[in-house]
Every structure is written in C-alpha cells, then in structure tokens.
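Trainee: Handing you this structure, nothing more for now.
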Amino acid sequence: MTSTTSADEQALLSKTQRKKAMAELQALGEDLVDLSPDRLKKIDLPEDLRAAVRVAQGMRRQDDARRRQLQFIGRLMRDVDAEPIRRSLAVVRGDSADETARLHRLERLRSELLADEKVLFRLASETPAIDLQHLRSLRRRALLEQAQGKPPRCYREIFQFLKALESEVEALSTIGDPHAHEL
C-alpha cells in the first residue's frame, strides 16, 4: 500500500469537507488576530503569516478589509502545519492541561510561601540564583497588604516572580546547567 500525498488527500475530500477545513484554519487565524502583541510573540509563526496577523490586528472589527485579511490569513495557513500553532495558542491562553497544572503549582507555592517563611529557605536551597532578599521583601509586603485589606499588588508580584524563576530554571536545565533544579 502506498502513502498518499497531501494533494491526493485534498482531492479525495468533498467540497464541503474542504470548506470546513478552510473555515477552521480561518477561525484559528482569527484567534491569532485576537491575541495581544505580547502573547503573539510567544507563538512560532512563519514571518509572512505573522505580518498578515499584525496587519489584521490594526483593522477595525466590522471592516470588510479585515474580513478579507482573515481570509488571506486562512489561505496562508494552508501551507503551515496548524497543529503546533493550536498547541502554542492553548498554552498562551492557559487552555492546555500542562499550563493549567503549572499555574496551579505556582499558586500553591505562593500560598505555602505566605503561610511559612521556611519555604523561602527551601527555595533558596533548590535554586541558588534566586533573589532571596527581594522575595522576602515581597512576602513581607504581601502579608502586610492582606492584614490591612489593601489590594493584593505584592501578592500578584510574588506569583510573577515565581513564574519568572521557574522559566529561568527551565532555561538553565535545557542548557544543561548542573546547578539548575526544578521548583
């Protein structure tokens, strides 16, 4: 049995199936257009597709030109493997189970840190590159905010600090740094 090429597979699909596939690609393109520029940067896209998405982001929602631009993005996506883009989009949005689990783990770590100062020292022993003084200061201010009923600015900063620290640890572990440990 011989393997069929993508063109052969396209020929076997009915017109309705092809239209449905194109509509799905266009919808995926629209999801990319709806992302903020910072989130869009995190997704690996071919440069022509990225440029087309940026153009569409600058257009008004109810504009016919935007609709045509979205159709153009759908056509560009025919030449791209859409599955990695879908996975990246899920991660960026926080839809993926792995990303959700990661965020929950960081939230638990933040709660443990606020509940017990010993967690600071555990983190310091696990990740030598940590700015312990800054984290201690954030912890102290977050506890003060909670006690005074103020908005949780430092509470959120702790989460961002832990998230950045985890990303740094992951980057070091991919390089093969022997001092990198998992949070």
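Trainee: Residue check: is R18 surrounded by fewer than 16 Cβ atoms within 10 Å (Cβ to Cβ) and either part of a loop (DSSP other than H, G, I, E, B) or acidic (D, E) (or both)?
Mentor: Against the criterion (surrounded by fewer than 16 Cβ atoms within 10 Å (Cβ to Cβ) and either part of a loop (DSSP other than H, G, I, E, B) or acidic (D, E) (or both)), R18 does not qualify.
Trainee: Looking at the stretch 152-159, is at least one residue touching a Lys or Arg at 6+ places or on another chain (Cβ under 8 Å), β-branched (V, I, T) and either in a loop (DSSP other than H, G, I, E, B) or in contact (Cβ under 8 Å) with a residue 40 or more places away in the chain (or both)?
Mentor: yes
Trainee: Of all residues in the stretch 40-83, which are touching a residue at least 40 places away in the same chain (Cβ under 8 Å), under 13 Å from Q26 (Cα atoms) and among the β-branched types (V, I, T)?
Mentor: I73
Trainee: Return yes or no: is A56 more than 30 Å from L165 (Cα to Cα), in contact with a Lys or Arg (Cβ under 8 Å, 6 or more places away or on another chain) and either surrounded by fewer than 13 Cβ atoms within 10 Å (Cβ to Cβ) or of a type in the set (G, A, S) (or both)?
Mentor: yes
Trainee: Mind listing whichever residues of the stretch 81-119 are at pLDDT below 85 and among the β-branched types (V, I, T)?
Mentor: Passing the criteria: V91, V92, T100.
Trainee: Go through the stretch 20-73 and count every residue that is over 15 Å from I85 (Cα atoms) and basic (K, R).
Mentor: 7
Trainee: Go through (1) surrounded by fewer than 16 Cβ atoms within 10 Å (Cβ to Cβ); (2) within 20 Å of the chain's Cα centre (by Cα); (3) within 22 Å of Q160 (Cβ to Cβ); (4) of a type in the set (A, V, I, L, M, F, W, C) and name the single condition A115 misses.
Mentor: (2)
The values are calculated or read from the model by the stated rules, or taken from the named source; none is laboratory data. If you're wondering where the values come from, they're calculated on a predicted model, not measured in any experiment. Positions of Cβ are backbone-derived with ideal geometry, glycine not excepted, and every protein chain shown enters the neighbour counts.
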